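Notes for the one structure printed next.
The numbers here are math on the coordinates, done by the rules we state, and not lab data. Predicted model, so just to flag it, every value in this text is computed and none were measured. Neighbour counts are summed over all protein chains in view; Cβ atoms, including those assigned to glycine, are modelled from backbone coordinates with ideal geometry.
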Amino acid sequence: MEMTLKDLKASAKASALSRGHDMKRFHRDSYWTRTHLSACRRCEMTAYVCENPMANETNIFGPAVAQNCDGKGA
């Protein structure tokens, strides 16, 4: 079963939260239109959700889902 955009955003937010991030609301990227992004309020690391990824792409990615929050800002 394919995940909905809402499910993907919730999964990305939960992953970032588990790494100590305090994420802002997701919004559609103005350049990569298939992508929605959110940034941490403390360190500005981003998390991305791709609505329709290509075969070699992931649907959730970004430093906020891969690295712990350092709280220092960008």
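If the condition is being touching a Ser or Thr at 6+ places or on another chain (Cβ under 6 Å) and crowded, with 17+ Cβ neighbours inside 10 Å, then region 1-41 contributes Met23, Phe26, Leu37, Ala39. So which of Asn56, Asn68 ends up being of a type in the set (S, T, N, Q), surrounded by fewer than 12 Cβ atoms within 10 Å (Cβ to Cβ) and not in a helix (DSSP H, G or I)? So the residue among Asn56, Asn68 that is of a type in the set (S, T, N, Q), surrounded by fewer than 12 Cβ atoms within 10 Å (Cβ to Cβ) and not in a helix (DSSP H, G or I) is Asn56.
Of the residues making up region 13-33, just one is outside any helix (DSSP H, G or I) and under 15 Å from Met3 (Cβ atoms), namely Phe26.
Yes/no per residue for (1) in contact with a helix residue (DSSP H, G or I) (Cβ under 9 Å, 6 or more places away or on another chain); (2) touching a residue at least 24 places away in the same chain (Cβ under 8 Å); (3) basic (Lys, Arg):
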| site | (1), (2), (3) |
| --- | --- |
| His21 | yes, yes, no |
| Arg28 | no, no, yes |
| Arg34 | no, no, yes |
| Arg42 | no, yes, yes |
| Met54 | no, no, no |
| Gln67 | no, yes, no |
| Asp70 | no, yes, no |
